[in-house]
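Trainee: The structure's right below; bear with me while I get my questions together.
Where a number appears in this text, it was derived from the coordinates with a stated rule and is not lab data. Everything numeric in this text was worked out from a predicted model, so none of it was measured. So basically every Cβ, Gly included, is an ideal-geometry build from the backbone, and we count neighbours across all protein chains shown.
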Amino acid sequence: MKAAEICQRQVITTTRDTTLPAAARLMRQHHVGCLVVVDRSDGQVRPVGILTDRDLVIEVIANEVPLDTVTVGDVMTFALLKVSESDSILEIAQRMRCRGVRRVPVITETTGELLGIIALDDILRILSEELSLLSAITAREAEQEQSKRNKPC
């Protein structure tokens with residue numbers, strides 16, 4: 001399965017100049033733990049960073065930084081891991097593990113525009129569904145075998 005097939009297409013985005021209280025309100029309003037920070041130019045939207053609820057707590061609140069002195073661009077993660085729309089779940093999971101991140105923006109191969117976002121939860125949901133199907137095969141096989149044994153020869 002490819003990134004384009006599993007990514008969430010409705011990505012909550014913001015820009016570098018957004019205030020932190022506005023960013024926090026956006027997260028709360030949309031019930032998300034991160035905002036993808038984007039640059040918009042020539043009608044295209046490209047991801048340039050990510051701001052997580054953890055960034056707000058660890059970098060700002062824990063350090064008692066006055067909220068009115070910093071913006072999203074000051075706090076966001078710049079070394080953004082992005083995955084391509086054709087990357088497989090396995091490739092994505094391996095890259096997420098190597099970088100220690102739970103969420104990754106998905107970009108188009110041709111223009112690098114934001115296509116969606118994949119969270120660790122999305123991958124876990126898909127893998128659990130696949131494992132459930134595999135376990136159902138074993139159960140069904142046992143049912144078939146039992147049915148055959150109960151029939152006279």
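Trainee: Return the pairs, sorted by first residue and then second, in which the second residue is surrounded by 15 or more Cβ atoms within 10 Å (Cβ to Cβ) and of a type in the set (Val, Ile, Thr), the first residue lies in region 102-128 and is without any contact (Cβ under 8 Å) to a residue 40 or more places away in the chain and under 17 Å from Gly49 (Cα atoms), the beta carbons are less than 6 Å apart, and the residues are 6+ apart or on different chains.
Mentor: As it stands, the answer is Val104/Val83; Val104/Ile118, since those pairs meet every condition given.
Trainee: Still on this structure, I have one more. Being in contact (Cβ under 8 Å) with a residue 60 or more places away in the chain and assigned to a helix (DSSP H, G or I) is the filter here; which residues of region 79-101 pass it?
Mentor: Passing the criteria: Ile89, Ile92.
Trainee: In the set Val70, Val65, Val57, which member is surrounded by fewer than 16 Cβ atoms within 10 Å (Cβ to Cβ), touching a helix residue (DSSP H, G or I) at 6+ places or on another chain (Cβ under 8 Å), aliphatic (A, V, I, L, M) and without any contact (Cβ under 8 Å) to a residue 12 or more places away in the chain?
Mentor: Testing whether each residue is surrounded by fewer than 16 Cβ atoms within 10 Å (Cβ to Cβ), touching a helix residue (DSSP H, G or I) at 6+ places or on another chain (Cβ under 8 Å), aliphatic (A, V, I, L, M) and without any contact (Cβ under 8 Å) to a residue 12 or more places away in the chain leaves just Val65.
Trainee: Ok, one more. Suppose the filter is in contact with a helix residue (DSSP H, G or I) (Cβ under 8 Å, 6 or more places away or on another chain), of a type outside the set (S, T, N, Q), closer than 23 Å to Thr111 by Cα and surrounded by 12 or more Cβ atoms within 10 Å (Cβ to Cβ); does Val83 pass it?
Mentor: Answer is yes for this residue.
Trainee: Any idea which of (1) part of a helix (DSSP H, G or I); (2) surrounded by 13 or more Cβ atoms within 10 Å (Cβ to Cβ) is the one Glu141 doesn't satisfy?
Mentor: (2)
Trainee: Any idea which residue in region 113-149 is farthest from Arg102 (Cα to Cα), counting only those that are acidic (Asp, Glu) and touching a strand residue (DSSP E or B) at 6+ places or on another chain (Cβ under 8 Å)?
Mentor: That would be Glu113.
Trainee: I've got another one for you. Please indicate, with yes or no, whether at least one residue in region 114-122 is out of contact with any helix residue (DSSP H, G or I) (no Cβ under 9 Å at 6 or more places or on another chain), surrounded by fewer than 10 Cβ atoms within 10 Å (Cβ to Cβ) and not in a helix (DSSP H, G or I).
Mentor: No - not one qualifying residue is present in region 114-122.
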